[in-house]
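So the structure is just underneath, and the comments pick up after that.
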Amino acid sequence: MTLRAHMMDCPLMISDILVHAAKCHGDQEIVTRLPETGQIHRQNYAQTHERTQQLANALQKKLKIREGDRVATIAWNSHRHFELYYAISGIGAVVHTVNPRLDPKQLIWMLDHAQSKTVFFDKQFAPLIDAISKACKSVKNWVLMTDKSHLDGVQTKCKSYEELIAEYPAEFDWPAFDEYAAAGLCYTSGTTGDPKGVLYSHRSTVLHAMASAAADVIGVGARGTLLPVVPMFHVNAWGIPYAAPMNGAKLVMPGAQMDGASIHQLIEDESVSYVAGVPTVWLGLLNYLEAEGKRIDSVERVLIGGSALPEALLRAYEDKYGVVMQQGWGMTEMSPLGTVNVLLPKHEGLSREEIIQVKLKQGRLVFGVGMRIVDDNGEELPWDGKSSGHVQVRGPWIASGYYRGAGAESFTEDGWFQTGDVAHLDGSGFMTITDRSKDVIKTGGEWISSIDLENAAMGHPSVAMAAAVGMPHPKWQERPLLVVQLKPGAEPDGASIIEYLRGEVPKWWLPDAVEFIDEMPIGATGKMLKTKLREIYKDYEFPTVDA
C-alpha cells in the first residue's frame, strides 16, 4: 500500500508568477521599445501587476471573456503583450498567440479554428487586420494595443488598449482552478496541411518556467537582464515571459525594431546580460558590430534556437566579443525547451577545436524531458553518440495531442511525441541532429512547407513537376531552391514562375532561385527523391544573398 505524504495540494497557476514578482521583485523593470512610436517605456513588476489586474477586470466586465474562451494576440514583444499573457490566462481564458507573418488566408483559418472571440493587435498590423477582419466570423472585438491617440488610420472598428483598461480598478482576486486547464494556444505550421494547435496548461507552463531557471538551462536570476528577441507570438518567446518574473530578472522588450543597430542600442542602454533569438538576428547584429566597430561587453550568453548555430557565428562572437554562445533545441509541441548546450566539467581539458565541436551539438537534455531514439521498426537505439534514429519525446510540458484532435499520427501508442527529427544521443545526453525525416525548410527560425510550395508551383501552366529543397544560405541558414521539370514544349522562365508564386504563397516563401531539370528523380514508390536532388545541387550557391 502506498503511504501518502502530508503535503498541501496547491494548483500551479500562471497568475502566481506575477504575484510573486510584484511582491518580491516589485521594483525590477520591464523596458519596452514601444512598437507604435519607437520610444522607450519603463514600468516595474509591481506596476505591471496593477495594470494586469485592470486588464483582467476589463476582459471580464467589458469584453465578456469567460473561462475557456480564446483571446488572440497579433503583436510584438512589449509590456502590453506581457500583461495579456497573464491577464488572459489568469481569469481562466486562453492566450492564442498568432504569427503575423503567415498568409492572411491562413490567419483567417486559424482564428476561426481557435474560435477566438477577441483579438489584440499592434498598430503595425492594422493593414493586415483591415484586410481580414470582415472574414473572421468568431471575432467579436478588436483591440488596438496603444492609446486612443493612435486609432487614426485603422479602418476596423476597434477599442484602444489604454482606454479599455483605464476605467477599471487595479484590484483583482485571481482565481485558483484546475492546473490542467488550458492557458495558451500556439499553432505549429508543420510541413503539410493545416496548422495544428498546441494547447498549453497552467501546470505545463509553470513547470517549464521552473525548469528553464536551472543553472544549466537559462538560469537568469534577479541580477540578470534578459532580452528576448524571439517573438512572443512564437512558442511564448521560449517561455522567457514566465521564467524572468519568476526569478526576478529584468526584461527588455524590443518591440518591432530588431535590426542590428536597434538591438545593440538596447543591449548598451540596458546592460543586457542574456539574449535569446534565432541565428538570423545574431548575423544582423554581428554585421552591425563589425561595420561600426561596436562591442556588447555586458552580454554574457546568447541562446540560439530555431535553426542550427553556424560555426562561423559561434567563432565570431566567442573569439572576438567574449560572448558564450549556447545552442538550444525544442519545438512548439515541447513548450519549447528540450535541450540546451552547456559544457560539462569533463570538457575543460579539451582543446578549443574539440570544444567547438561539442558546442555545435543541439545540446544536453533538460530535466523533465524524456527522449528516446528509435529505428524504423520502433526499436530503441543506444545513447552511443553514433546510432542515429527518429527522435521521440515525452514529459510534463510536452503535448499529448493537438487541439481539436488533429495529427494523431504524430503520437505513438505508448504516449511519445514523434518530433520528425533524426539524431543521435551520447552518454551525457547531448543530442546531435543528423537529418530531418520531413523536408521542412528552416529559414531565419521560421519554417517553410516544401510540399505546399511545390503544390503552388505546379499551378503554373509550364510546370510539370516541382521540388523545393532547402539550400545553405549565408544570411538565413536555408532558403528554398525550386527545382522544376517543365511540360513538353515549355520554355524555361524562372522569373515567370517566381512572379506567379507571389500571389500564391507568403513573400518570404518565394524561392531564391529556380533551376530546371530534364527529368525529376523518382523512387520505386513513385516519390521524388529529394536526397538525389540534394546530391545534385550539393555545391549550389544562390546567385545573390540579397534575394
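Every read-out reported here was derived from the displayed coordinates using simple, explicitly stated rules and does not represent laboratory data. Nothing here was measured: the structure is a model prediction, and the numbers come from that model. Here the Cβ is made from the backbone with ideal geometry for all residues, glycine too, and neighbour counts use every protein chain on show.
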Distance in nm between pseudo-label sites at I356 and K148 (7 Å out along the Cβ direction from Cα): 6.0
For segment 334-403, what class follows from the C-alpha gyration tensor (a ≥ b ≥ c being the square roots of its eigenvalues): rounded when a/c is under 1.5, otherwise prolate if a/b is larger than b/c, else oblate? oblate
At a temperature of 20 °C and a viscosity of 1.002 mPa s, determine how fast segment 441-536 diffuses translationally according to Stokes-Einstein, using the Kirkwood radius over alpha-carbon pairs as Rh; express D in µm²/s, rounded to the nearest whole number. 158
Could you state the number of Å between the C-alpha centres of segment 474-534 and segment 363-386? 34
Which value at 222 nm does the chain reach when only helices count, each DSSP H run of 4 or more adding -39,500 (n - 2.57), with the total divided by all residues and rounded to the nearest 500 deg cm²/dmol? -7500 deg cm²/dmol
Under a Cβ-Cβ cut-off of 11 Å, what is the net charge of the residues other than T412 that fall near it, where Lys and Arg count +1 and Asp and Glu count -1? -1
Under the classification rounded if a/c is under 1.5, otherwise prolate if a/b is larger than b/c and oblate if not, where does segment 68-209 fall, given a ≥ b ≥ c as square roots of the Cα gyration tensor eigenvalues? oblate
Taking a ≥ b ≥ c as the square roots of the Cα gyration tensor eigenvalues, with a/c under 1.5 meaning rounded and otherwise prolate when a/b beats b/c, else oblate, which class fits segment 52-115? oblate
Sorted by chain and then number, the residues having a modelled amide H within less than 5 Å of the amide H of V31, at least 5 places away or on another chain, are L251, V252, M253
Peptides 343-352, 328-337, 290-299, 48-57: what's the order by average Cβ count within 10 Å, highest mean first? 328-337, 48-57, 290-299, 343-352
